[in-house]
Structures are given as structure tokens and as C-alpha cells.
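Undergrad: Following this message is one structure expressed as C-alpha cells.
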Amino acid sequence: MWNFSLPMKSKLRPGLVSITFRKLSIEEIIRLACEAKLHGIEWGGDVHVPHGDLVRAKHVGELTRDAGLEVSAYGSYYRYDDCLEIQEEDEVSWNSILETAHMLGAPVVRVWAGRCGTGSVSKNWCSRIVERTREMADEAMKFGIRIGFELHENTLTESNTATRALLDNIAHPNVFTFWQPYLSVEHEYRMEGLANLIERIENVHCNHFAKEGWPHAMLLEEGENEWKDFLSVLRSDGRERWISIEHVKDHSVENFRRDAAALVNWI
């Protein structure tokens, strides 16, 4: 079991992932975050801050900071396409993502570790992913930006073991992982993975789903016991991390407000 009975002072900070409300404007999302007494926003690259739109990225970053919030991360949705060969244009898109994140003022870029699980990818391809990640991490360091993997099924971070193995193989000081509870698994499994990955966890996506998993989001307060366990581990090493709400029940603004109130209270 885990023993975190003497935690260091918490440096956990409550935030919002903008893709929670893809249909809302930048200004509406900023207003919601402020009203909910959150501290920052992870902006998504699919709708709110598109790759390569540097003028927009700079503007969104300024609006965020002018409102008294911080940019916690840039959710780029960059993927390694591990079912195909890496194309030359990938280098251009990664450079574009770094430039966008830099103009936004994001300290970390979230990326996806491919499109297939470990059982569908050869050892040779995994080696290429490892080398490619090291190259990307070196480029990101030039901008003062870190890389964090999305923790998700059907990628090379689909399980506790797979995520640990990927990070160990990459072994780069600028590469981390985001964390969120794997869906449809036992609490014990989530806690084991969290404890094992703690020194490599950058930020956290905060949500609560029914046992059926996606897309059955529930109120965060219904997962209070589980999240208090998670937060105990996450504050145990004293490192600053963003705990950002992602996905709310029925895509409801009112449910978001309830979730934000719960998260702020727990932190």
C-alpha cells in the first residue's frame, strides 16, 4: 500500500482544459475559469489555438494573463502515426506547434504517443518513437518548453506498465507524462500507476466517469473518495502541478461550476 501520511505543502493548482467546452469562445472560457476561482487554462490546439496561428496564440495568452490566469499547457493533439512511416512534414508541424506554444506562453506541450497500443507496434517502431521523442524534446528545450504524453488507450501509454516503459526508454529530462484515471479499471490499479509514475507526472486531467467509461461523465463530487486518494499522492513530493478539469457531466456549464467548486475545496 501507499503511505503518504506526512505530505509536503501542497502546490497543486486548479485549472480548466479548454476542450471541455469546444463550442464556447475564448472569452467565455476565461470568464468561466475566473468565476470558478481556477488559476489557469490548458488551451487546446484543435479549436481555440490552432497550430501555426501565432497572432491568435499571442492574443489568447495575453487575454489569459490579463484576466489573472496562467496558461498551464498547450494541448497540441500532435500524434506519432505509428501505423505509418514518419513523414517529413511531421518536422514542420512539430516546429509549428512549438512556435505556437511559445507565443501562447505555455510551459508544456501535450502530445499523444501514437495511434496503436503496444501489442500492435513492433519493437523497431517503438525504437523509432523513442529516438523521435528525444529529438522533439531537444527542440522543445530551445523554447524552454517541456513535453508531456497524453495517458490514453490505443497509444503507447495505454497502461501503467506501457507508460513507465516508454518513459524509461526515452530517458530524457524534458519528457514527462500527463496523468488521468484510466477508464474502467479498479481504483487499486490507478493508485499503483500513480505512485509508480509520480516523479514523471507533469500535469493532471481531472474527471470522473461511470464504470462504463467514455462518454459517461459524472459529477466530480461523486468521485470524491478516489480523488482525495489521488491528490494525496500528487501532493506528496511537493512539486507544483496543475489539476485541470476535463469533461463534465452532460457538457453542462452548471455541472462544471459544481466540479470546480469541489476541486478548489479539495486542493
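Undergrad: Output the residues belonging to the range 232-261 that are surrounded by 21 or more Cβ atoms within 10 Å (Cβ to Cβ) and in a helix (DSSP H, G or I).
TA: Leu234, Phe256, Asp259, Ala260
Undergrad: Given the criteria touching a residue at least 12 places away in the same chain (Cβ under 8 Å), open to solvent by less than 10 Å² (accessible area, probe 1.4 Å), within 22 Å of Leu16 (Cβ to Cβ) and not polar (S, T, N, Q), does Val175 qualify? Talk me through it step by step, then tell me what you get.
TA: Values: touching a residue at least 12 places away in the same chain (Cβ under 8 Å): yes; open to solvent by less than 10 Å² (accessible area, probe 1.4 Å): yes; within 22 Å of Leu16 (Cβ to Cβ): no; not polar (S, T, N, Q): yes.
Criteria not met by Val175.
Undergrad: Kindly evaluate Arg79 against the criterion of being at pLDDT below 95, among the charged types (D, E, K, R) and closer than 22 Å to Gln180 by Cβ. Steps first, answer last, please.
TA: Numbers: at pLDDT below 95: yes; among the charged types (D, E, K, R): yes; closer than 22 Å to Gln180 by Cβ: yes.
In short, yes.
Undergrad: Go through (1) open to solvent by 50 Å² or more (accessible area, probe 1.4 Å); (2) touching a residue at least 24 places away in the same chain (Cβ under 8 Å) for Leu156 and report which single condition fails.
TA: Result: Leu156 passes all but (1).
Undergrad: Which of the residues that make up the range 183-194 are touching a residue at least 40 places away in the same chain (Cβ under 8 Å), under 17 Å from the mean Cα position of the chain (by Cα) and open to solvent by 30 Å² or more (accessible area, probe 1.4 Å)?
TA: The initial filter retains those residues of the range 183-194 that are touching a residue at least 40 places away in the same chain (Cβ under 8 Å), namely 187, 190-191, 194.
Now restrict to residues that are under 17 Å from the mean Cα position of the chain (by Cα): 190, 194.
If the condition is that a residue be touching a residue at least 40 places away in the same chain (Cβ under 8 Å), under 17 Å from the mean Cα position of the chain (by Cα) and open to solvent by 30 Å² or more (accessible area, probe 1.4 Å), then Arg190 is the only one that fits.
Undergrad: Can you tell which of Glu88, Glu62, Glu27 is over 19 Å from the mean Cα position of the chain (by Cα), open to solvent by 20 Å² or more (accessible area, probe 1.4 Å) and modelled with pLDDT under 95?
TA: On the way: Glu62 fails: modelled with pLDDT under 95; Glu27 fails: modelled with pLDDT under 95.
Testing whether each residue is over 19 Å from the mean Cα position of the chain (by Cα), open to solvent by 20 Å² or more (accessible area, probe 1.4 Å) and modelled with pLDDT under 95 leaves just Glu88.
Undergrad: Could you tell me which residue of the range 205-231 is most open to solvent (accessible area, probe 1.4 Å), considering only residues that are touching a residue at least 24 places away in the same chain (Cβ under 8 Å) and among the charged types (D, E, K, R)?
TA: Lys211
Undergrad: OK, next. Among the residues of the range 147-185, what is the count of those that are part of a strand (DSSP E or B) and closer than 17 Å to Val130 by Cβ?
TA: As a first pass, look at the range 147-185 and keep what is part of a strand (DSSP E or B): 147-149, 175-179.
Next, only the ones that are closer than 17 Å to Val130 by Cβ stay: 147-149, 175-177.
Final tally of qualifying residues: 6.
Undergrad: Here is a follow-up. Being in a helix (DSSP H, G or I), over 15 Å from Val109 (Cα atoms), out of contact with any Gly (no Cβ under 8 Å at 6 or more places or on another chain) and touching a residue at least 12 places away in the same chain (Cβ under 8 Å) narrows it down to one of Arg128, Arg134, so name that one. Give the steps one after another, and end with the answer.
TA: On the way: Arg134 fails: over 15 Å from Val109 (Cα atoms).
Checking each option against the conditions leaves just Arg128.
Undergrad: Restricting attention to the range 145-153, does a residue exist that is closer than 20 Å to Ala195 by Cα, open to solvent by 10 Å² or more (accessible area, probe 1.4 Å) and free of Cβ contacts under 8 Å to residues at least 12 places away in the same chain?
TA: Looking through the range 145-153, none of the residues is closer than 20 Å to Ala195 by Cα, open to solvent by 10 Å² or more (accessible area, probe 1.4 Å) and free of Cβ contacts under 8 Å to residues at least 12 places away in the same chain.
Undergrad: Identify all residues within the range 91-125 that are free of Cβ contacts under 8 Å to residues at least 40 places away in the same chain, β-branched (Val, Ile, Thr) and either open to solvent by less than 10 Å² (accessible area, probe 1.4 Å) or in a helix (DSSP H, G or I) (or both); write none if there are none.
TA: Answer for the range 91-125, where residues must be free of Cβ contacts under 8 Å to residues at least 40 places away in the same chain, β-branched (Val, Ile, Thr) and either open to solvent by less than 10 Å² (accessible area, probe 1.4 Å) or in a helix (DSSP H, G or I) (or both): Val92, Val109, Val111.
Undergrad: Go through the range 223-267 and give me each residue that's out of contact with any Pro (no Cβ under 6 Å at 6 or more places or on another chain) and small (Gly, Ala, Ser).
TA: Correct list: Gly223, Ser232, Gly238, Ser244, Ser252, Ala260, Ala261, Ala262.
The values are calculated or read from the model by the stated rules, or taken from the named source; none is laboratory data. Since the model is a prediction, treat every value here as computed from it, not as a measurement. Neighbour counts are summed over all protein chains in view; Cβ atoms, including those assigned to glycine, are modelled from backbone coordinates with ideal geometry. SASA here: full protein model, heavy atoms, side chains in, ligands and nucleic acids out. Shrake-Rupley method; radii C 1.70, N 1.55, O 1.52, S 1.80 Å.
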